[in-house]
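What follows is a short report on a single structure.
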Amino acid sequence: MSEHQEIFPSHENLPDVMVGIRDLCFNYGSSQALKHINLELKQNKVTAFIGPSGCGKSTLLRCINRMNDEIPGTRVTQGSIRVEGVDIYDRSVDVVKLRRDVGMVFQKSNPFPRSIYENVAFGLRMRGEKNKVVLDQVVEESLKDSALWDEVKDRLQESALGLSGGQQQRLCIARTIAVKPLVVLMDEPCSALDPIATAKVEELIYNLKKDYTFVVVTHNMQQASRVSDETAFFFMGELIEFSETRRIFSNPKLKKTEDYISGRFG
Amino acid sequence: MFNPESIIRKGRPKGYLRETLVRSFLRGITYLIVIIALMIFGKILIDGAPAIFTSKFPFVDIEFLTAKNETLHVFDDAQGTRHQLPASKYSDYVNAHAGATLYNEQTFSYSGGGIAGPIVGTALLTIGSMILALFFGVSAAIYLAEYAKQSPFIHAVRLAILNLAGIPSIVFGLFGFSVFVLAVPIITNTPSDRSMLTIPLMVGNYVLSFQGWNSSLIAGCATLACMILPVIITASEESLRAVPQGFRDASLAMGGTRWQTIRKCVLPYSLPGILTSSLLAIARVAGETAPIMFTAAVAAKDDLPWQGLSNPFGVLSSQVQALPYHIYTLAARIPNSEYTERAQYGSVFVFLVLVASLSFGSMILRAKLRKKLKW
């Protein structure tokens with residue numbers, strides 16, 4: 001333990017670190033998907049995870065709110081993830097409470113077949129919030145934050161499935177931020193969206209990062225360079241390079257990173 | 001090498017005769033099955049409809065559907081007129097014509113009056129067994145689909161449930177008899193002599209007595225529920241699995257507990273599937289004779305199940321008549337003659353219409369819900 005601490009300085013000492021990942025190894029059955037990942041996600045910053053398919057970036061993302069618990073045969077074999085200094089894989093941690101703090105937006109927009117209002121109010125209702133005034137207020141705020149309010153304010157009671165793909169994804173973001181998490185994980189949030197809808201999502205990420213810490217997995221290099229403050233490049237389950245986005249795109253340290261960013265492989 | 005034959009083949013393709021023969025054979029078999037089905041329906045329709053439909057308003061023999069089942073008396077009066085009267089009207093007739101001689105008198109059990117008792121009994125058995133089967137079946141399906149992890153044990157459990165569907169219904173009947181009728185525990189202060197085990201409770205002189213529920217509605221419902229459990233579990237599990245994983249992920253990622261997720265994001269969207277397949281299971285339950293023979297059904301009963309009871313729950317412990325068992329009784333236990341045909345074909349006709357409308361109803365429900373629930 002003491003040896004560890006010398007190699008990896010305690011995250012708690014760094015005031016702006018929201019999520020500290022230390023020496024994390026993760027297995028799907030017997031195959032190792034993540035190998036000794038060390039990474040710090042800073043508060044109110046957007047961190048992009050890039051890398052070719054199967055490199056482990058989505059797996060790492062799903063580790064941060066323990067969504068991988070839902071997949072049988074998976075486990076963290078080594079290391080830790082700390083959110084606000086708390087080891088989330090500790091026995092005493094309640095996964096349900098963790099996920100209230102670490103929300104997630106999925107690749108495929110997945111609104112419930114309910115009204116727009118009910119979709120956004122869903123998380124609060126699950127927490128037992130019954131006060132109509134509070135719900136109305138949170139729904140309006142969340143929809144405004146996700147830049148959807150003007151488009152849907154007159155049809156809040158209509159089915160969410162009537163929205164366009166981009167609107168549905170922004171609704172999913174509204175739904176996630178309605179419960180005021182600390183961290184918002186986004187797993188390729190724009191991969192199914194057209195450029196205009198993508199631009200709207202990127203803009204809202206930019207506007208919201210003053211309140212949340214974002215992690216965005218993306219296959220789109222331009223998106224990573226536009227939206228993120230820091231970028232982590234993964235390859236074959238390993239973290240190859242991690243630094244400021246500006247630096248990684250203009251002056252990568254490693255050849256492999258440069259090759260990937262410039263489109264020579266992956 | 002240029003060979004025009006290889007590009008455009010003239011004449012019949014190779015194996016033409018065999019293809020035609022196979023197609024005709026398969027088509028013939030299919031039509032044969034349809035013809036057999038039509039013959040069954042036709043026979044029952046032609047012979048059963050006269051018992052139900054009348055030429056006068058309201059065109060349906062209400063009495064046959066609402067009167068209780070009685071013995072049929074057939075006799076000639078002094079003028080040579082043939083009378084067919086159910087037992088109650090027969091005694092009225094005898095009282096009114098005191099001293100008159102009746103000729104060629106015959107009686108046919110169960111053939112007079114109507115079939116209100118069997119209809120009501122079948123309805124109660126069906127509703128009761130569905131409530132039990134849905135509760136236990138959906139609970140098990142939720143566990144299997146949402147909680148259980150893939151393991152050899154769970155695999156064995158699933159296999160056991162599937163095998164349950166293959167057990168003959170008479171075996172369920174005997175199982176129900178030995179368990180629900182004779183062995184399940186009840187709380188009573190007067191345990192029966194045949195009680196297998198009594199455990200005294202500390203309240204008054206009440207004991208937990210393993211003496212069964214006797215032949216009763218609740219025992220029949222429990223037996224029928226066991227029989228359709230595999231259908232309900234399998235269908236429910238499939239409906240649950242058909243709900244997109246994204247709904248579960250979204251709910252969990254928002255900090256929903258597993259049960260909240262199931263209750264709000266999975267069950268509502270799988271309920272239509274569960275209900276429609278359950279309606280098909282109802283049709284099967286309504287038609288079973290063997291499981292209720294020893295557990296719930298009686299051939300003759302003067303009152304409807306709820307008549308003459310001190311408390312409404314007594315209906316659970318009363319025996320009932322049931323349509324399939326009634327048909328069995330009419331067909332096998334009494335001498336057949338022209339006078340029994342009305343009761344026989346009439347009952348079969350009513351039964352068939354009930355079951356067919358259940359199947360039809362489930363088809364309509366499925367089509368409607370499919371249209372409504374899309375994602």
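The values are calculated or read from the model by the stated rules, or taken from the named source; none is laboratory data. Predicted model, so just to flag it, every value in this text is computed and none were measured. Cβ placement follows ideal geometry from the backbone for every residue including glycine, while neighbour counts extend to all protein chains displayed.
A few remarks follow.
Let's see how each residue does on (1) assigned to a helix (DSSP H, G or I); (2) touching a Leu at 6+ places or on another chain (Cβ under 9 Å):
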{"residue": "A:E129", "(1), (2)": "no, yes"}
{"residue": "A:V133", "(1), (2)": "yes, no"}
{"residue": "A:V139", "(1), (2)": "yes, yes"}
{"residue": "A:K144", "(1), (2)": "yes, no"}
{"residue": "A:P181", "(1), (2)": "no, no"}
{"residue": "A:S191", "(1), (2)": "no, no"}
{"residue": "A:T198", "(1), (2)": "yes, no"}
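- B:T234 vs. criteria touching a Leu at 6+ places or on another chain (Cβ under 9 Å), modelled with pLDDT of 90 or more and away from chain A (no Cβ under 14 Å): yes
- Qualifying residue in the stretch B:276-297 (condition: among the hydrophobic types (A, V, I, L, M, F, W, C) and more than 30 Å from B:G114 (Cα to Cα)): no
- Screening the stretch A:94-108 for residues that are outside any helix (DSSP H, G or I) and under 26 Å from A:G166 (Cβ atoms) and picking the one that is nearest to the other protein chains (Cβ to nearest Cβ) gives A:M104.
- Which numbered condition B:P152 fails, given (1) under 30 Å from B:T234 (Cα atoms); (2) in contact (Cβ under 8 Å) with a residue 40 or more places away in the chain: (2)
- Identity of the residue in the stretch B:144-183, in a loop (DSSP other than H, G, I, E, B) and more than 21 Å from the chain's Cα centre (by Cα), that ends up farthest from the other protein chains (Cβ to nearest Cβ): B:L182
- Residue list for the stretch B:69-97, restricted to those being of a type in the set (A, V, I, L, M, F, W, C) and over 19 Å from B:Y339 (Cα atoms): B:A78, B:V94, B:A96
- Hits in the stretch A:114-124 - residues which are more than 8 Å from every other protein chain (Cβ to nearest Cβ), of a type outside the set (S, T, N, Q) and either outside any loop (DSSP other than H, G, I, E, B) or under 23 Å from A:S58 (Cα atoms) (or both): A:I116, A:Y117, A:E118, A:V120, A:A121, A:L124
- Per the conditions (1) part of a helix (DSSP H, G or I); (2) under 29 Å from A:F265 (Cα atoms), the sole criterion not satisfied by A:V215 is (1).
- Those residues of the stretch A:218-233 which are out of contact with any Pro (no Cβ under 9 Å at 6 or more places or on another chain) and either within 16 Å of A:P52 (Cβ to Cβ) or assigned to a strand (DSSP E or B) (or both), in sequence order: A:N220, A:M221, A:Q223, A:A224, A:E230, A:T231, A:A232
- Of all residues making up the stretch A:154-163, the number that are surrounded by 13 or more Cβ atoms within 10 Å (Cβ to Cβ) and in a loop (DSSP other than H, G, I, E, B): 4
- Considering the stretch B:184-273, the qualifying helices (runs of 4 or more DSSP H), each wholly inside and each with 1 or more residues that are in contact with a Gly (Cβ under 8 Å, 6 or more places away or on another chain), run over B:217-242, B:245-253.
- None of B:G287, B:G256 is away from chain A (no Cβ under 14 Å), over 19 Å from B:A140 (Cα atoms) and of a type in the set (G, A, S) except B:G287.
- Which listed residue is at pLDDT 90 or above, within 30 Å of A:F122 (Cα to Cα), not in a loop (DSSP other than H, G, I, E, B) and not small (G, A, S), from A:E203, A:E241: A:E203
- Applying a threshold of 9 Å to beta carbon distances and a minimum spacing of six or more residues, or different chains, the list of pairs starting in the stretch B:38-55 at a residue that is modelled with pLDDT under 80 and ending at one that is surrounded by fewer than 14 Cβ atoms within 10 Å (Cβ to Cβ) and not in a helix (DSSP H, G or I) reads B:I52/B:V60; B:F53/B:F59; B:F53/B:V60; B:T54/B:V60.
- Within the stretch B:174-190, residues that are hydroxyl-bearing (S, T, Y) reach partners that are not in a loop (DSSP other than H, G, I, E, B) with beta carbons closer than 8 Å, at six or more positions or on different chains, in the pairs B:T188/B:V207; B:T188/B:S209.
- Residues of the stretch A:102-146 that turn out to be within 19 Å of the chain's Cα centre (by Cα), buried (at least 18 other Cβ atoms within 10 Å of the Cβ) and either of a type outside the set (A, V, I, L, M) or modelled with pLDDT under 90 (or both), as a count: 9
- Every condition in (1) in a helix (DSSP H, G or I); (2) within 13 Å of chain B (Cβ to nearest Cβ) holds for A:P111 except the one numbered (1).
- Test: residue in the stretch B:24-34 that is in a helix (DSSP H, G or I), polar (S, T, N, Q) and at pLDDT 80 or above: yes
- Members of the stretch B:262-274 found to be in contact (Cβ under 8 Å) with a residue 24 or more places away in the chain, surrounded by fewer than 21 Cβ atoms within 10 Å (Cβ to Cβ) and within 11 Å of chain A (Cβ to nearest Cβ), listed by number: B:Y269
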